[in-house]
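Engineer: Before anything else, here's the structure in question.
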Amino acid sequence: MKLYVVTQGKYSDRTIIGIVDDKSLIQMGAEDEIEVTEYELNDLVSIPPGHRNYSVEMNKDGTAYADPESLMSKLVWSEEWRTDESWHTHAIARSEEHAIKIVNEKRIELLANNEW
């Protein structure tokens with residue numbers, strides 16, 4: 001079963017305005033700046049043995065740092081955001097270095113596609 005989390009606002013002003021199981025219930029207007037994120041109900045994050053979740057902050061120039069996170073923090077706060085100069089995301093990896101490598105590969109792809 002899919003759930004749709006409806007949010008409005010940006011960054012620290014973001015607010016959940018609804019959670020529905022029928023996407024057709026969401027009424028969006030251009031002026032609303034609404035975002036809809038789809039989740040699968042009861043879909044827990046599976047982390048392979050020897051891996052853990054890392055929070056990664058990467059600058060556009062590739063400088064980065066990674067911090068290990070608990071599984072619970074991934075379930076509670078999985079927000080990804082990007083500004084003109086930095087990107088905060090998550091990676092499931094074997095080490096901090098591995099997490100940075102994973103995110104850097106995504107950074108290179110974003111830059112190559114003019115998506116950042």
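Engineer: Under a plain spin-label model, where a point goes 7 Å from the Cα along Cα-to-Cβ, how far apart in nm are THR7 and THR63?
Structural biologist: Between THR7 and THR63, the simple spin-label model gives 2.7 nm.
Engineer: Name the residues whose placed amide hydrogens come within less than 5 Å of the amide hydrogen of GLY18, ignoring near sequence neighbours (fewer than 5 apart) on the same chain.
Structural biologist: VAL6
Engineer: If I stretch the segment between HIS51 and THR37 completely, what's the gain in nm (0.36 nm per residue apart, minus their alpha carbon distance), one decimal? Intermediate values should be presented prior to the final figure.
Structural biologist: On the way: separation 14, 0.36 × 14 = 5.04 nm, distance 2.57 nm.
Contour length minus the Cα-Cα distance gives 2.5 nm.
FYI, it's all coordinate maths here, none of it is from the lab. The shown structure was predicted, so the numbers you read here are calculated from the model rather than taken from an experiment. Positions of Cβ are backbone-derived with ideal geometry, glycine not excepted, and every protein chain shown enters the neighbour counts.
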